[in-house]
Each structure stands twice: as C-alpha cells, then as structure tokens.
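Trainee: My structure is below; once you've seen it, I'll send some questions.
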C-alpha cells in the first residue's frame, strides 16, 4: 500500500526490540517539510525507547526509495526565513539520526535523489537492491547538496561526493554506491533484500544493547559540530534558492 496523503505518511512498528520506521509520499516518497519534521521527532522519541535496540528505516512501495525534498515547496519559497527553514528540515533529520542513540539499518529498494541520498548516508548500515541508483541533481536547479554533504562525505569520501555532485545529470548505479561504501550489500530482488534486513536486525537486536549504544557513539565521533554546521549549510541553500539563476531554473523545470 502506498499513501495518497498530500503531506505523506509515517508509521512505526516495534517488535522484538526492533523499530521499523516507514515513510511514504505519493510523489516518489519525497519529503514535504511536515513529514521531515515528523520523522525527526519520531527518531528522537524512538531513541529514548528503552525497549528498542535497533531501528530500520524504509519507505513505501516498490519503486523509488526517496525523491528528496518536496519540489512544490521548493518552488514556493519566497523569502530567506522560509528558505532556511525548508532546508533545515533535512538538517534536523540527519542530526536526529546521528544523536538518537540507536543504530539504524537503511532498507533501500529503489532510486534516490538529493536529500534522500543524505538520509541513506546517515544510516549506520545500508542494504539495497540493484535498482537503488542515486543522483545528486541540485546543481541543475542552481543550488547544491550543502546540508547533506557532511553525511555523504563521511560515508563515501570527498572524491565520491565530488563525483556525485559534479555529475549532476547522471545516475550512479547501486554497485557504484556499494563500491564507495554507501551500501554494505546489494541484492537482485526486494524479497532477498527484506530477508537480509530481517536476519541482520534480529541478530543485532540480540546483542548487548549497551554495546550497540556505545558503538553508535564511536561511529559518530567527530560530528559533534553538526548542529551548527548543518544550520549554516541550510542558510547557504536558503539564499541560493532565492537567486535569479535558481528561480529561472525552477521555472524551466516546472514546465
């Protein structure tokens, strides 16, 4: 079932110490601001849940994993405050993923663009299908992937981020993403993917929860400045989206 709700949907299921958070939106699982806000809050809440050892992050349906931020909202930005607030949406989610205290398994079934790539990068372990190609197309509309860059670079290095960002019109396939370290494993089918997600999450949930929490801290050491850094990056994007260049590019894109 895929949602038809305009602001998208968010569901959490907790079973056997595993919390599965599933997001969805009729526009290829893209994120309007409201859904980003809900996801950030949910991650914080689940992070405090004593009975949860592991989080699985997934999206609805069998096609796209995530089409990034809402295009309609992006086009509607008319002032600096709204621009900064819009881009702060992904910053808040990335910071919630970073600080929630639970290891996060990403389950990626299909293509991902823009902010969605940041979401994948902020997971601690990612399993994907062959269809899970990625693209950072921000340059084509006059902005850049500034908010998600720290998360992406942390996973695939400066050269990988550079290649993705500068080659803004082309998809990188799932095996490229695996080679760079974004994905841990790639599967031919969604069934195989789901089986592996289940096996891995059950194993992890059986381990010492204190060890898991301490490992989360260790993996994210050195990112303590991200609260300020990502806010600064959101401000850069907020300014760029109001530029004449970007307004024209968005108009073209709309047509």
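The values are calculated or read from the model by the stated rules, or taken from the named source; none is laboratory data. Since the model is a prediction, treat every value here as computed from it, not as a measurement. We place every Cβ from the backbone using ideal geometry, glycine too, and count neighbours over all the protein chains shown.
Trainee: Which members of segment 126-152 meet the condition of being surrounded by fewer than 18 Cβ atoms within 10 Å (Cβ to Cβ) and under 23 Å from residue 57 (Cα atoms)?
Mentor: 130
Trainee: Please go through segment 1-50 and pick out each residue that is in a helix (DSSP H, G or I) and touching a helix residue (DSSP H, G or I) at 6+ places or on another chain (Cβ under 6 Å).
Mentor: 33, 36, 39, 40, 43, 44 - these are the residues of segment 1-50 that are in a helix (DSSP H, G or I) and touching a helix residue (DSSP H, G or I) at 6+ places or on another chain (Cβ under 6 Å).
Trainee: Could you tell me whether any residue of segment 159-176 is part of a loop (DSSP other than H, G, I, E, B) and either under 15 Å from the mean Cα position of the chain (by Cα) or touching a residue at least 40 places away in the same chain (Cβ under 8 Å) (or both)?
Mentor: For segment 159-176, residues part of a loop (DSSP other than H, G, I, E, B) and either under 15 Å from the mean Cα position of the chain (by Cα) or touching a residue at least 40 places away in the same chain (Cβ under 8 Å) (or both): present.
Trainee: Answer yes if at least one residue in segment 110-117 is modelled with pLDDT of 95 or more and farther than 27 Å from residue 187 by Cα, and no otherwise.
Mentor: Within segment 110-117, not a single residue is modelled with pLDDT of 95 or more and farther than 27 Å from residue 187 by Cα.
Trainee: May I pose another question? When you look at residue 145, is it in contact with a helix residue (DSSP H, G or I) (Cβ under 7 Å, 6 or more places away or on another chain), under 28 Å from residue 229 (Cα atoms), in contact (Cβ under 8 Å) with a residue 24 or more places away in the chain and not in a loop (DSSP other than H, G, I, E, B), yes or no?
Mentor: Details: in contact with a helix residue (DSSP H, G or I) (Cβ under 7 Å, 6 or more places away or on another chain): yes; under 28 Å from residue 229 (Cα atoms): yes; in contact (Cβ under 8 Å) with a residue 24 or more places away in the chain: yes; not in a loop (DSSP other than H, G, I, E, B): no.
No; evaluated as a whole, the condition is false for this residue.
Trainee: For segment 103-112, does any single residue satisfy the condition of being surrounded by fewer than 22 Cβ atoms within 10 Å (Cβ to Cβ), in contact (Cβ under 8 Å) with a residue 60 or more places away in the chain, over 11 Å from the mean Cα position of the chain (by Cα) and under 22 Å from residue 168 (Cα atoms)?
Mentor: Yes, the conditions are met somewhere in segment 103-112.
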